[in-house]
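What follows draws every value from the coordinates through simple rules; no lab data is involved. Values in this document were obtained by computation on a predicted structure and should not be read as measured data. Quick reminder, even Gly has a Cβ in these numbers, built from the backbone with ideal geometry, and neighbours come from all protein chains shown.
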Amino acid sequence: MVEGRERRKKQRIQLTRALIGRFGVMGVVILDITEAGARIEHFDRLDLRKRASFRLDWQQQTIETTAEVRSCRIHRFASGDQGATVYQSGLFFTDYVGEAQAKLRELTTFVVARSLAEQVANARGLGSFTSTPVSSGTTASTAPPRPPCLRASTANGSTPAASFTTGE
């Protein structure tokens with residue numbers, strides 16, 4: 001294998017805030033995700049090629065698909081009183097229930113748009129970008145007003161509003 005070559009068809013989106021989900025009956029933490037798969041963290045070793053239902057709730061919607069374990073490795077080993085061993089596994093989504101694929105695409109678009117908005121706000125010195133959601137097809141203001149020394153103005157002297165849309 002060539003070093004540095006990406007094997008995935010779609011690059012996973014690393015979540016800044018992990019989501020809680022289920023793989024079969026096991027509770028998992030979702031670390032990154034695409035519409036084609038996810039990387040999860042959990043406490044029990046999973047067998048390669050194991051298939052089970054994968055579910056998560058996002059924006060009052062349940063996203064469900066069948067997923068297959070493609071990799072499983074120890075992330076943090078612990079024995080005895082030191083706590084529990086933590087595993088990370090890569091899942092590949094195989095069968096989508098209902099609109100799950102579209103919902104996963106919407107989730108990843110939301111995460112990317114929010115990340116870009118946070119980066120722009122940070123670059124402009126606006127601080128944290130946590131109060132206003134950015135979602136598909138909508139416009140959101142990015143931050144509180146800038147200090148006068150940092151404000152940009154238009155030809156008529158007004159201050160332009162910074163906004164972002166994900167556009168489709």
Point to revise | Distant-in-sequence amide H partners of residue 85 (H built 1.01 Å from N, under 5 Å) | key: 78
Review point. Could you give me the ³J(HN,Hα) list for the stretch 36-48, computed from phi with Karplus coefficients 6.51, -1.76, 1.60 and θ = phi - 60°, whole Hz, x at Gly and Pro?
Key: 10, x, 8, 10, 10, 10, 7, 9, 10, 5, 10, 6, 4
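Note down, for the stretch 13-98, the three equivalent ellipsoid semi-axes (square root of 5 times each alpha carbon gyration tensor eigenvalue), biggest first, whole angstrom.
22, 14, 11
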**Study point:** Taking the stretch 13-98 and dividing mean pair separation by its residue count, relative contact order in percent (alpha carbons under 8 Å, at least six apart)
**Key:** 27
**Study point:** residue 120/residue 78 FRET efficiency (R0 45 Å; Cβ-Cβ; nearest 0.05)
**Key:** 0.65
Review point. Between residue 57 and residue 86, how many nm apart are label points set 7 Å from Cα along the C-beta direction?
Key: 2.4
Review point. Amide H neighbours of residue 32 under 5 Å, counting only residues 5+ apart in sequence or on other chains, H built in-plane at 1.01 Å?
Key: 15, 39
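Find how much the distance from residue 29 to residue 45 grows on full extension, using 0.36 nm per residue of separation minus their present alpha carbon separation; answer in nm with one decimal. The partial results should precede the final answer.
Values: separation 16, 0.36 × 16 = 5.76 nm, distance 1.43 nm.
Once the chain is fully extended between residue 29 and residue 45, it gains 4.3 nm.
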